[in-house]
Structure formats: C-alpha cells, structure tokens
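Let me begin by presenting the structure, written as structure tokens, before commenting on it.
The values are calculated or read from the model by the stated rules, or taken from the named source; none is laboratory data. The model shown is predicted, which means the values in this text are computed figures rather than measured ones. Note that we place each Cβ from the backbone using ideal geometry, even for glycine, and neighbour counts take in every protein chain shown.
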Amino acid sequence: MLANSNNAVFGDCTAQRGYFDGGRCPADQIAILERFVPITFGGAPNFVDAATAWAWPDRVRRELTYLSGGSPQLFRISSQPLRPFLGWLVGKSGPTTQLSIGRVVALNWSGWINYGVGQAWFTGQFVVQGLTGNFSAGGDSGSSVWTWDGIRYPVGLLFAGAAASRSGNPMPWVVSALDINLYT
C-alpha cells in the first residue's frame, strides 16, 4: 500500500498503522515514500509488488514484533536474503495475524491479482500455507517471510492471497528490484 497501486509519488506520507487500519497523516507518520516498482496492469508480467520508504530513526525500530499474552515480543531477522525452497517452514509477523508459521507449498506460481483498480499478472511467486490456520490475512501484506529457524533468513515479501494460502515475492527479487540492501 506504500505506492497506492501506482498512484503515489516520492515523498508521500507513510503512516503506522496503515491507512486502512486507522492510521492518519501527519499524526501517525513514520516515513515518506522513497521508491516503488510500478505494477503493470493488464497482462505484462510482474515479479514484485514492493516499495521503500525513508523513515525517521526515532519513529521505527529494526526489530520485528508480535504480541504474546498482550505484551510485545521483539526479534530480528537476518539481512541475507535467500530464495525459498519447497517444503521449508517459514514465519511472518504481521499486524493482523501476528506471529504465524507456514510451509512453502509452491514455487514459481503465476496468476492474476486483483488490485481493485485493475488486475495484474504475477509470475515466479512462492506460496505459503499456514500450519495452524491462516498464515496471514488482509493487513499483513508487506510482512517479511523468513525461515523458521534460529537465523531467520528473509525469503520473501508477503503480498497477496486467499484465506488458505498466501503468495510472496522472493526476497532476492525484491532487494534487486528496489536496489537496496537489507539492514536488520
């Protein structure tokens, strides 16, 4: 949502919580849009749905968080992106479903994603299915997906899906398309 389906411009406000979760600018502003990969609607292939924002260091933290018993728990993931492998256990922490575990059940998935303003064809994506219910839900898009181990290698960026499974952009593609290095 950082790029608002190609309708955003450099410097647009980024709020935490997101707009659809009640966040408003400038009261909840933590960053400004820096760059994004435009989504191509109508048939040409898309490989990532990703954007970056420049954040004020005093308004964000490098750790990821989830709630456990009402208390926030903090942790970090690795800064070395890997491509996911079929069968890997992966995790994510998102604002809607918090911490969840899933299994990579498909690689190289291709299909249409409805953005409300048009449909976009994505190719080369991976699919995660939750082990104990849904892996994620609306509002979790943009969450990092990482290996469910002590190192927590980032393997993807969550971006779309149905209730039973979620699709992710492979993290090496995300960092390449945005020309960034992960700093965790």
Taking the conditions exactly as written (free of Cβ contacts under 8 Å to residues at least 60 places away in the same chain, crowded, with 16+ Cβ neighbours inside 10 Å, on the phi < 0 side of the Ramachandran plot and not assigned by TED's automatic domain parsing to the domain that holds THR40), does SER78 satisfy them or not? no
For the range 164-174, state whether one or more residues are surrounded by 16 or more Cβ atoms within 10 Å (Cβ to Cβ), at pLDDT 95 or above and aromatic (Phe, Trp, Tyr). yes
Here is a check on your reading of the model: is GLY150 at pLDDT below 95 and loosely packed, with under 13 Cβ neighbours inside 10 Å? yes
When you check ILE30 against the structure, is it over 20 Å from GLY161 (Cβ atoms), without any contact (Cβ under 8 Å) to a residue 60 or more places away in the chain, β-branched (Val, Ile, Thr) and surrounded by 14 or more Cβ atoms within 10 Å (Cβ to Cβ), yes or no? yes
Find the strands (runs of 3 or more DSSP E) located wholly in the range 35-76 whose residues include 1 or more that are at pLDDT below 90, and list them. 64-68, 71-75
Which pairs have Cβ atoms under 6 Å, sit 6 or more apart or on different chains, and link a residue in the range 53-74 that is closer than 24 Å to VAL37 by Cα to one that is among the charged types (D, E, K, R) and surrounded by 12 or more Cβ atoms within 10 Å (Cβ to Cβ)? ALA53/GLU34; TRP54/GLU34
For the range 1-18, which residues satisfy the criterion of being under 16 Å from the mean Cα position of the chain (by Cα) and either of a type in the set (Ser, Thr, Tyr) or within 20 Å of LEU178 (Cβ to Cβ) (or both)? MET1, LEU2, ALA3, ASN4, SER5, THR14, GLN16, GLY18
Out of all the residues in the range 153-163, which are more than 21 Å from TRP121 (Cβ to Cβ), surrounded by 21 or more Cβ atoms within 10 Å (Cβ to Cβ) and not aliphatic (A, V, I, L, M)? PRO154
Residue satisfying condition, being among the aliphatic types (A, V, I, L, M) and more than 17 Å from ILE113 (Cβ to Cβ), within set LEU2, LEU33: LEU33
Some residue of the range 80-97 being over 13 Å from VAL145 (Cα atoms) and of a type in the set (Phe, Trp, Tyr): no
Selection from the range 15-27 of residues that are in contact with a Phe, Trp or Tyr (Cβ under 9 Å, 6 or more places away or on another chain) and closer than 20 Å to PHE159 by Cα: none
